[in-house]
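Heads up: the structure comes next, in structure tokens.
Just so it is clear, none of the values below were taken in a lab; they were calculated from the coordinates. For clarity, every value in this text was computed on a predicted model and none was experimentally measured. Positions of Cβ are generated from backbone atoms using ideal geometry, with glycine treated the same way; all protein chains shown enter the neighbour counts.
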Amino acid sequence: MADPALSSGIHARIGEVTERIVRRSHDRRARYLDRIAEAAEKQPSRARLGCANQAHGFAACGPSDKAMLRQGAGANLAIVTAYNDMLSAHQPYERYPDLIRAAARAAGGVAQVAGGVPAMCDGVTQGEAGMELSLFSRDVIALSTAVALSHQTFDAAVFLGICDKIVPGLVIGALSFGHLPAVFIPAGPMTSGLPNDEKAKIRQLFAEGKVGRDALLEAEAQSYHGPGTCTFYGTANTNQMMMEIMGLHLPGASFVNPNTPLRDALTTTAAERAMAMTALGNDYRPIGRMMDERAFVNGVVGLHATGGSTNHTLHIVAMAAAAGITMTWDDFSDLAEVTPLLCRVYPNGKADVNHFHAAGGMGFVIRELLGHGLLHRDVETVWGGGLDAYVQEPVLKDDGALDWREAATASGDEAVLRGVGTPFQATGGLRLLSGDLGKAVIKTSAIAPERHVIEAPARVFHSQEALQAAFKAGELTGDLVAVVRFQGPKANGMPELHKLMPPLGVLQDRGFRVALVTDGRLSGASGKVPAAIHVTPEAADGGPIALIRDGDIVRVDAVNGTLTVLVDEVAWAERAPASANLAASHVGVGRELFTAFRAAVGTADTGASIFAVA
């Protein structure tokens, strides 16, 4: 029997939200598509370059590559790489250019590393001054991508990136060259180490002073132990889910471990697909056309269904804007209401992404969502065939050739992965909060239901270090809402505030009712404490969060979607906003170079981007 909520094969709410995004974006999207169509008419552009320009472009190539580029008959594939060997997730990319070059030559073309983009590790900078550059690094990566592709000698591009701001920055840059086909190539997660719940326990014991630094470092080293992406379901792995469900990865490519024959075969095949999609052939698939409103809705649905990172309430908005599409937090909230939570991956459960992949992974999730009309089926993808092609998983045949088979039709572990008929919860676990403190988002998928509403006196801090000091001094007792402000993009670049979680978790475990309200970020590893994050307007931009005082009763209500302060209206209206001396966050560790970014950055709900909306 057909689901009555479906309309033309798509759930009515999914269709409704998509249509309003289309209407809202109509003029911007039309201008964007016109621009990339004009750029596409000039391909292949290297044939129009001057002789000296062309000679510079192939001067370092070998004889066969040079001959191909001189003749201009084959495709030239750009490699934009975020490789460095300090990031465990990106270290495997060291070998990729050679694999991609070989695939391009076999297809009658050439591949060149067009440029590198910066790739910082939030795990290294977490709680340090460098974290205040993290969000801005996304837009630096977009700019670096544009520089790499500005030589206008390429027919398609492959993008090597995984982690937090890196994939969104690459997508924004790729969409600026939206006339070029693009394939994103992952490297996969590291093998499983110390179980995540054990790691979390050691962190909390350290916060309580019950174990020393040696024990903490050993636990962390056992967790993050080799090449590949960290295995918890934070922003990096949410990126991989998103690239697959939006059709920019090959089917089933996201969570295959690095440095394996299957991983290498997927990399080679991804390069082959990029070569096949250029305007020189008969299967032209520019990324700017592929990434339409339906693709972005699919990305948001995937975010909700898997319990992914709250950072994507910023990143998806910014990426969509680069494609001429206007998305809002209301779209996220409305889609969450009809998207069931199908996954329990740390910090929303005990399992890691390797367990998720083994239980059925992306193929199972996409099949379940498609079967209930929760994804747009007929989108363009790099593999072709719409999303139906993504209910497959890759395997190696006996002769070593890459093949695909039907993905799991049943979950291999219902503690990790479930179908739409028996979800972990009926909604996606992400809510928009609004009220007299502005707008914020809250991730409820890891929070016990009895903690979805917290009403308690405020304790106000202007840094996470100040809250930690108060905790260590024994000053935090009883129910409280910790308000940590002047952490937004204009103030100090909107760092993630994971130093807050261990002390707040301890207070919660002591039986107190605890919540966090902040204009900063927490990402996908926010954990079990209810947190209203990304509060906008931020304190440094005159937001009402700057009016809160110690002792004010603050209500965080994830059931009704409200964020309020219970203060007399007249007294509230007469208050002057607090101020903070942010000078220490504006110099050192390169932060003085980002003064223009802090001045230009937009609000969190518009993507916290430095790029003007066209």
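What the table below lists for this structure:
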quantity	calculated
Rel. contact order, % - alpha carbon contacts under 8 angstrom, at least six apart, segment 1-129	19 percent
Long pairs among Lys199/Lys528; Lys350/Lys499; Lys201/Lys528; Lys210/Lys472; Lys490/Lys528, criterion Cα-Cα beyond 18 Å	Lys350/Lys499; Lys490/Lys528
Euclidean distance between Cα centres, segment 539-574 to segment 309-380, Å	31 Å
Interchain or long-range residues, amide H under 5 Å from Gly435's placed H	Leu563
Percentage relative contact order, segment 364-419, counting C-alpha pairs under 8 Å, at least six apart	28 percent
0 to 90° range, to nearest 10: angle between helix 213-223 axis and the chain longest Cα axis	40 degrees
Karplus (6.51, -1.76, 1.60) ³J(HN,Hα), θ = phi - 60°, over segment 541-546, in Hz, Gly and Pro reported as x	10, x, x, x, 4, 6
Given charges at beta-carbon only (K, R positive; D, E negative), |dipole| of segment 331-439 in Debye	360 debye
For the chain, alpha-carbon Rg and Dmax in angstrom	24.0, 78
Net charge of neighbours whose Cβ lies under 15 Å from the Cβ of Ala119, counting Lys and Arg as +1 and Asp and Glu as -1	-3
Mean Cβ count within 10 Å, highest first, over the residues of peptides 255-264, 504-513, 598-607, 393-402	598-607, 255-264, 504-513, 393-402
Compactness of segment 431-535 - radius of gyration and Dmax, Cα, Å	12.6, 36
Packing rank of 182-194, 161-173, 434-446, 409-421, where each peptide gets the mean count of other beta carbons within 10 Å, highest leading	161-173, 182-194, 434-446, 409-421
GluC sites (Glu not before Pro) restricted to segment 433-483 and DSSP loop, no more than 16 other C-beta within 10 Å	Glu475
Vicinal HN-Hα couplings computed from phi for segment 55-65 (Karplus, 6.51 cos²θ - 1.76 cosθ + 1.60; Hz; Gly/Pro x)	4, 4, x, 10, 4, 8, 6, x, x, 5, 5
Ordering of 547-558, 363-374 by packing [mean C-beta count within 10 Å, highest first]	363-374, 547-558
The chain: relative contact order as a whole-number percent, Cα under 8 Å and 6+ apart	14 percent
Amide proton proximity set for Val113, modelled H, under 5 Å, gap of 5+	Ile79
Residue-wise HN-Hα coupling along segment 506-517, computed from phi with Karplus coefficients 6.51, -1.76, 1.60 (Hz; x: Gly, Pro)	4, 4, 5, 5, 7, x, 7, 8, 10, 8, 10, 10
Rounded to 10°, Cα long-axis angle of helix 166-176 versus longest principal axis of the chain	50 degrees
Cβ-based charge dipole, segment 529-584, positive-most Cα from Ala583, Thr564, Gly542	Ala583
Dipole of the chain, positive end: most advanced residue of Gly212, Val420, Ala119 [Cβ charges, Cα centre]	Ala119
DSSP-defined antiparallel bridges as percent of all bridges, the chain, nearest 5	45 percent
The chain: angle of helix 261-276 to the longest principal axis, Cα-based, in degrees nearest 10	60 degrees
For Gly360, residues with placed amide H under 5 Å, excluding near neighbours	Gly412
